[in-house]
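Here, each number is a calculation from the coordinates, and none is a lab measurement. Quick caveat: nothing in here was measured; it's all calculated off a predicted structure. Don't worry about glycine lacking a Cβ; one is built from the backbone with ideal geometry, like all the others, and counts go over all protein chains shown.
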Amino acid sequence: MRYRLAMVVLGLAVVALVVLFGAGSAWMLESPDVGAPTGGPIADEALEARARALGQTAASLGGDAGEQILFGDLHVHTTYSFDAFQMSLPMAGGDGTRPVADACDYARHCAGLDFWSINDHGITLTPTRWSQTVEAIRQCNEIAGDEASPDLVSYLGWEWTQVGTKPENHWGHKNVIFEGLADDQIPTRPITAGVPEGVSLARTQGLVATLGLGALALMKPSTGGPEFARYMQDTNGVLDCPTGVPVRELPTDCREVAPTPAELFAKLDDWGVESMVIPHGTAWGFYTPLGSSWQKQLRGGQHDPKRQLLVELYSGHGNSEEYRDWKEVILHADGSKSCPEPVPNYLPSCWRAGEIIMERCHADGSDHATCAKRAVDARQHYVEAFFNGGARTVPGATVADWQDAGQCRDCFLPDFNYRPASTVQYMMALGEPQPEGDTAHFRFGFMAASDNHSARPGTGYKQVARTAFTEARFGNFLNTPVGQVPQEEPVPESRAIRELKGTAPFALFETERQASFFMTGGLAAVHAKGRDRKSIWEALASRAVYGTSGPRILLWFDLLNPPGGETLPMGSEVAMAETPRFRVRAAGSFEQHPGCPPDAASAMPAGRIEDLCRGECYHPSDERRKIVRVEIVRILPQVSGDEPIASRIEDPWKVLSCPAEGDGCIVEFEDPEFVAAGADALYYARAIEESMPTVGANPLGCTRDANGRCSEIDLCFWKADSDDCLAPAEHRAWSSPIFVDYERS
């Protein structure tokens with residue numbers, strides 16, 4: 001009897017394992033429905049109204065009434081991206097998957113954009129997902145109407161997502177975008193950076209992992225477990241392509257890997273199709289290792305000036321523009337690291353780690369010498385932590401414990417855990433002497449984007465719907481298998497974190513605190529000759545582009561006296577030996593009506609506007625917001641490579657006030673020091689709009705004590721979904737630079 005019972009139990013166990021294995025192997029799961037765009041084209045009357053409003057303002061500022069400034073978003077994710085997919089799951093508080101078709105409808109009817117691109121993370125774009133992405137973008141373009149004047153231009157691309165474990169092997173994130181959509185104009189597969197050092201997709205492979213996925217697959221569909229299991233199995237089913245093989249000879253079903261920018265550029269050269277590579281989130285410290293610097297990207301072929309023409313200086317993840325002359329870590333010549341002391345407007349996180357341990361140690365009754373030694377150890381453990389795991393070196397530390405450590409207090413809507421040596425101003429000031437005697441520099445045009453992860457391009461048109469229009473739900477990773485943080489006691493000693501050791505990847509990062517540092521996102525604006533795909537691409541390639549922090553501010557920036565006499569626009573390069581003279585023209589964005597305009601509401605099925613747009617679309621009134629001032633930044637790039645960076649950046653170099661009346665602002669200025677200095681210079685303009693309530697503008701909600709310390713916090717992430725966490729901010733537009741070289745002849 002016992003034998004029979006044992007055999008029955010064994011048989012049931014075998015059946016259960018088979019079922020779990022089958023479910024975890026995706027035998028029982030169906031592929032998700034990718035959908036199709038549901039909305040029709042934008043009404044001709046709406047497009048004509050946009051052009052008419054622009055023309056009237058341009059003419060009032062002394063410009064051509066036929067000029068075209070077009071707005072777009074060149075950084076958009078759907079739930080094909082791993083992080084976006086995780087955030088969409090019900091178990092993480094998400095509201096379901098968002099395919100490329102949703103992004104198409106949102107760009108066209110919710111945001112009212114002129115152009116956009118899809119940029120899902122290449123690492124999780126399987127062959128099937130990539131082919132579906134291509135087809136969805138083609139469908140979006142088919143709706144657009146006349147190719148010579150489409151209502152919306154949709155570009156194809158992906159994100160090359162690289163994360164290093166230390167400054168030496170960190171290159172950051174870059175969007176790869178293609179001009180055309182024909183088969184011979186796009187690669188067969190995305191080119192990825194591979195997985196970070198110390199992390200492996202194999203962690204979700206093997207028998208135990210497959211059984212675990214099987215358990216997820218058998219959960220109720222309402223939890224998202226089956227979707228997660230299917231997603232991971234599809235992703236893990238793709239193997240890396242063989243190395244050393246020309247790209248066109250590789251199998252069609254493999255994952256193409258280029259671990260460094262130089263290898264990415266080489267593969268794009270091998271494909272030989274028209275492409276652009278746009279770095280982004282460069283100062284974002286959530287994933288950027290302490291002490292990372294863009295200096296190394298001027299060396300060894302890690303920069304391609306014919307493709308890397310633009311840089312994204314602002315997104316929904318924050319502002320990467322402004323350089324600050326403080327350090328988050330001190331890197332010594334022998335490779336060792338140490339923790340810097342606090343300075344005005346910056347408290348290093350490593351220093352705060354020492355303070356937390358010191359406070360705990362004293363509360364535990366230990367003597368001062370013991371506590372001081374433990375504080376020193378805590379600071380060192382923080383700077384030596386694997387990846388960005390410094391916060392985990394202090395067991396049981398809460399987000400309140402960290403106060404505002406790691407943040408730039410005097411920057412405009414800054415990236416979380418700011419990295420000064422990866423900011424755009426730092427890049428533009430760099431110089432790398434070359435063997436032939438020249439000095440290499442970055443000459444980027446400036447743009448902004450949303451970096452949205454819910455298929456919603458161009459969310460910055462209104463400061464609403466924080467948990468839908470921003471990545472505020474990012475902290476929900478804590479509720480998923482990749483982000484769970486073990487509960488720990490707040491002991492009075494720190495510890496070393498030098499490897500993952502089975503820890504969930506997102507558990508190493510400050511996921512909860514980061515979740516408060518998200519805005520609705522920015523936009524790219526181009527001065528284009530037409531609305532068509534080629535005209536927009538040519539404007540991007542010539543750097544006739546600027547970025548805004550979301551509002552559709554109009555901006556012109558021109559050099560008035562170049563050789564030859566004809567004015568030159570933003571993005572231009574020129575050599576001259578006389579005092580350069582410039583003009584800035586700017587007009588504020590339109591105040592917004594509530595809700596959606598009739599053409600958007602009628603373009604999509606009932607309920608779609610509420611679900612996708614949250615009932616709020618780009619809906620401009622006839623009243624423009626005021627431009628209160630124009631700031632000019634001057635940068636003198638390094639010549640020898642040894643000049644202190646801080647001495648090369650003048651921000652602001654000039655502040656020019658704007659009249660209180662009228663719709664716009666016109667200011668002129670010159671640089672009387674240019675000829676005497678005899679050095680190359682670049683100039684760019686910031687047009688600052690009057691302050692407005694802004695989502696996430698005060699992410700930590702600090703209450704400061706008499707010494708200016710952030711003694712208490714009230715995180716945006718802690719607020720109810722109905723609370724948009726509004727605080728005042730002066731939105732802005734950043735022109736691309738004008739590069740004025742000194743004509744030494």
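For the chain, what is the convex hull volume of its Cα atoms per residue in Å³? Walk me through the numbers before you get to the answer.
Details: hull volume 139.2 nm³, N = 745.
For the chain, the hull spanned by Cα atoms encloses 187 Å³ per residue.
So, by mean Cβ neighbours within 10 angstrom, what's the order for 110-116, 268-274 with the highest one leading? List each step's numbers first, then the result.
Details: 110-116: 27.6, 268-274: 15.3.
In decreasing order of mean packing, 110-116, 268-274 become 110-116, 268-274.
Out of residues 5 or more away from R581 or on other chains, whose amide H comes under 5 Å of its own, with H placed 1.01 Å from N in the peptide plane?
L560, N561
Mind listing the phi-derived Karplus ³J(HN,Hα) values for segment 238-246, rounded to whole Hz, using 6.51, -1.76 and 1.60 with θ = phi - 60°, and x for any glycine or proline?
9, 9, 5, 5, x, 8, x, 10, x
Residue-wise, which Karplus ³J(HN,Hα) couplings in Hz belong to segment 723-736, taking 6.51 cos²θ - 1.76 cosθ + 1.60, θ = phi - 60°, and x for glycine or proline?
Whole-Hz 3J(HN,Hα) from phi for segment 723-736: 9, 7, 6, 7, 8, x, 7, 9, 5, 8, 10, 10, 6, 5.
Using packing as a proxy for protection, rank 430-436, 581-587, 696-702, 721-727 so that the peptide with the highest average count of other Cβ atoms within 10 Å comes first.
Working: 430-436: 14.3, 581-587: 22.7, 696-702: 20.7, 721-727: 16.0.
Top to bottom by mean Cβ count within 10 Å: 581-587, 696-702, 721-727, 430-436.
Considering amide H positions built from the backbone, and no H for Pro or chain starts, which residues 5 or more places from G194, or on another chain, come under 5 Å of its amide H?
Placed amide hydrogens put A258 under 5 Å from G194.
Hey, what's the per residue convex hull volume over the C-alpha atoms of segment 418-457, in cubic angstrom?
Numbers: hull volume 4.5 nm³, N = 40.
So the per-residue Cα hull volume is 112 Å³.
Please list the non-local residues whose amide H lies under 5 Å from the amide H of C725, H modeled 1.01 Å from N, same-chain partners needing a gap of 5 or more.
none
Using the Cα centre of the chain as the reference point, and only Cβ charges (+1 on K/R, -1 on D/E), how large is the resulting charge dipole? Debye, rounded to the nearest 20. Intermediate results must be reported in sequence, preceding the final value.
Details: 65 positive and 100 negative charges, 380 e Å.
It comes to approximately 1820 debye.
Could you work out the relative contact order of the chain? I mean the mean sequence separation of Cα pairs under 8 Å and 6+ apart, divided by the number of residues, in percent.
Working: 1770 pairs, mean separation 108.0, N = 745.
Across the chain, relative contact order equals 14 percent.
Place the peptides 228-240, 153-165, 448-460 in order of packing, highest mean first, counting for every residue the other Cβ atoms within 10 Å and averaging per peptide.
The densest-packed peptide leads the list: 448-460, 153-165, 228-240.
What is the distance in Å between the Cα centres of segment 238-276 and segment 300-366?
So the two Cα centres are separated by 33 Å.
Work out which helices of the chain, taken as complete DSSP H runs, extend at least 30 Å along their axis over the Cα atoms and score a mean Kyte-Doolittle of -0.5 or more, then list them.
On the way: long enough: 2-24 (32 Å, 1.94).
Helices meeting the span and hydropathy rule in the chain are 2-24.
Which ³J(HN,Hα) values, rounded to whole Hz and listed in residue order, are derived for segment 621-631 from phi using the Karplus coefficients 6.51, -1.76 and 1.60 in 6.51 cos²θ - 1.76 cosθ + 1.60 with θ = phi - 60°, glycine and proline given as x?
Values, residue by residue: 8, 9, 9, 8, 6, 7, 8, 8, 6, 10, 10 Hz.
Nearest 500 deg cm²/dmol is fine: what mean residue ellipticity at 222 nm does the chain get from its DSSP H runs of n ≥ 4 alone, each adding -39,500 (n - 2.57), divided by its residue count? Intermediate results must be reported in sequence, preceding the final value.
On the way: 17 runs with 174 residues, N = 745.
It lands at -7000 deg cm²/dmol.
With N denoting the number of residues in segment 122-195, provide Rg(C-alpha) divided by 2.2 N^0.38 Å, to two decimal places. Don't skip to the end; give the middle numbers.
Numbers: Rg = 15.0 Å, N = 74, 2.2 N^0.38 = 11.3 Å.
Against the compact-globule rule of thumb, the ratio is 1.33.
Given A36, P226, A111, which one lies farthest toward the positive end of the charge dipole of the chain, if we put +1 on the Cβ of every Lys and Arg and -1 on the Cβ of every Asp and Glu?
P226
Rounded, prolate or oblate: which fits segment 36-86, taking a ≥ b ≥ c as square roots of the Cα gyration tensor eigenvalues, rounded meaning a/c under 1.5, else prolate when a/b beats b/c? Write down the numbers at each step before the final one.
On the way: a/c = 5.62, a/b = 2.11, b/c = 2.67.
Here segment 36-86 falls in the oblate category.
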